[in-house]
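Okay, so here's the structure we're looking at.
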């Protein structure tokens, strides 16, 4: 496992006392929450069981958890997407924890979890991956040298390992060039043309194109690179404002079920001062 | 079993003991049941559930005719997995026809019956065939036939009920069937479902007709999902903005990234709102959508909020 040293240290500390039976592991998509859950199971000498999150599956898991004779860690991924009935069923586990079982729920946003579950469980947060972690990952899976100066781009734009994989899959050079061109285009091109940009991105599952969040992160990176070399006060102010707006909309894209096309349009309009 | 296979088996007098008919096309389903009953000289018996007649399935009959049990939407049977298997092997001395309005194709129940060639689907008939059915009964023009098929969602039973109304009115008032049809639509005797008002609703807003917009919204607000309405509204206003911004450029589709159909629709609504108003509208719609998602705006009032914002300056 690459990174997450602080979290692993915390887990070891918890292990030396009484390890909590009900954990909520919060971290963004691709941050390695399931890998971490398996690592916890390993450190507890328990059997990891990855379960589905339908109400029926949750009820089955709960029934089983009271019957198992060997330590078992039930991993329930994307718990924020669980039906309310499933979340409520889990309350029983938090109140009368089974003897041999542990529950690890993963979520990318605590906001979508029941407050009663949060208050009864132990919330652990995945750490952000450091530059060293990302370099280690690239070294382990790809040839670091082949990316040349694009390694900086990969490390600065991507927050998670799957994001690194995605950008490499796109072709780093092409993706970087597209984002750089588009960064200028958003403000300068006629609005009708600028509004075509979102259509080139993967807004729906069936669409082809770049991931909107990765695209916006790359555009923000581009603005920040320009900022380093900018000398004119006006340019500096304008670039700072562009970065602020872009980061704001990257956050908005993270809202569950948000209309991505409308969010990207709003970003373009705000960048143009409309 | 495909419908054609069922037809052939009836013609070839190949009777099976167990059938399962699935679909919304009840009228055609009934026709086939009557065909089976008359061709094989059966005695049709409607039963509430399979459980109610299960004990009689293997009994000898004392009458001249073999019984044909017709059972509709027996939900208990769907759950009774042990009974399904028994039904396949049962040496029945009768015919059982199970009717279901809808079945989940992912279930073992469906798969098992389908794999055993027992399920016959009765789906909506093609438009051309439905038009023939309508025109066999009344002299209604092709366009109105198509409209009626759309209103009834292709359901032949519903279509024939509406056709009967047309026939009666045309005869009573001594008018043509086309005129009778128009009257029935205008008077609301032929019921147009609210869902069909979604596009007229979007058109009313994009054409800046507050009165019509509010009237339609009051009719459809209970059946339409606010998020879906807002999403459609957003797309429409966005297309209008793109086309309006493009002006008279050559290759407008390429310039805007829209399809020719989207451009055509947007062109019909050009100039009603200014560029600034359109930008403000799409921002408002997005605000409402985001508000629903983040809990800042209650879903039931979101569309009305958008309408108020759009029409606040309208006369």
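Miscellaneous remarks
- Helices (runs of 4 or more DSSP H) wholly inside segment B:202-315 that include at least 3 residues being touching a helix residue (DSSP H, G or I) at 6+ places or on another chain (Cβ under 9 Å), at the interface with another protein chain (Cβ under 10 Å from one of its Cβ atoms) and over 20 Å from residue A:192 (Cβ atoms): B:226-246, B:275-294
- Scanning segment B:150-168 for residues that are closer than 19 Å to residue B:188 by Cβ and part of a helix (DSSP H, G or I) gives B:150, B:151, B:158, B:159, B:161, B:162, B:163, B:164, B:165, B:166, B:167, B:168.
- Among the residues listed as A:118, A:104, the single one being buried (at least 19 other Cβ atoms within 10 Å of the Cβ), touching a strand residue (DSSP E or B) at 6+ places or on another chain (Cβ under 9 Å) and under 26 Å from residue A:8 (Cα atoms): A:104
- Tally of residues being more than 9 Å from chain B (Cβ to nearest Cβ), outside any helix (DSSP H, G or I) and touching a helix residue (DSSP H, G or I) at 6+ places or on another chain (Cβ under 8 Å) across segment A:239-274: 2
- Pairs, first assigned by TED's automatic domain parsing to the domain that holds residue B:206 in segment B:243-267, second loosely packed, with under 11 Cβ neighbours inside 10 Å, C-beta under 8 Å, six or more apart: B:244/B:271; B:253/B:260
- When residue B:178 is tested against (1) away from chain A (no Cβ under 14 Å); (2) surrounded by fewer than 15 Cβ atoms within 10 Å (Cβ to Cβ), just one condition goes unmet, and that condition is (2).
- Counting only residues that are in contact with a strand residue (DSSP E or B) (Cβ under 8 Å, 6 or more places away or on another chain) and assigned to a loop (DSSP other than H, G, I, E, B), segment A:1-20 holds 2 of them.
- Any chance residue A:228 is surrounded by 17 or more Cβ atoms within 10 Å (Cβ to Cβ), more than 12 Å from chain B (Cβ to nearest Cβ) and in a helix (DSSP H, G or I): no
- Odd one out for residue A:35, checked against (1) under 26 Å from residue A:138 (Cβ atoms); (2) out of contact with any helix residue (DSSP H, G or I) (no Cβ under 6 Å at 6 or more places or on another chain); (3) at pLDDT 90 or above; (4) not in a helix (DSSP H, G or I): (4)
- Checklist (1) within 21 Å of the chain's Cα centre (by Cα); (2) buried (at least 17 other Cβ atoms within 10 Å of the Cβ) applied to residue B:118, failing item: (1)
- For segment A:137-149, a residue qualifies if it is without any contact (Cβ under 8 Å) to a residue 60 or more places away in the chain and buried (at least 16 other Cβ atoms within 10 Å of the Cβ), and the qualifying residues are A:138, A:147.
- Per the conditions (1) in contact (Cβ under 8 Å) with a residue 12 or more places away in the chain; (2) assigned by TED's automatic domain parsing to the domain that holds residue B:53, the sole criterion not satisfied by residue B:162 is (2).
- Selection within segment A:72-87 - in contact with a strand residue (DSSP E or B) (Cβ under 7 Å, 6 or more places away or on another chain) and over 20 Å from residue A:29 (Cβ atoms): A:72, A:73, A:74
Each row is one residue, and each column tells you yes or no for (1) farther than 20 Å from residue A:239 by Cα; (2) at pLDDT 95 or above; (3) under 23 Å from the mean Cα position of the chain (by Cα).
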| residue | (1), (2), (3) |
| --- | --- |
| A:147 | yes, no, no |
| A:151 | yes, no, yes |
| A:155 | yes, no, yes |
| A:159 | yes, no, yes |
| A:162 | yes, no, yes |
| A:169 | yes, no, yes |
| A:174 | yes, no, no |
| A:181 | no, no, no |
| A:186 | no, no, no |
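The values are calculated or read from the model by the stated rules, or taken from the named source; none is laboratory data. All values derive from a computational prediction rather than experimental measurement. Neighbour counts run over all protein chains shown; Cβ positions are idealised from the backbone, glycine included.
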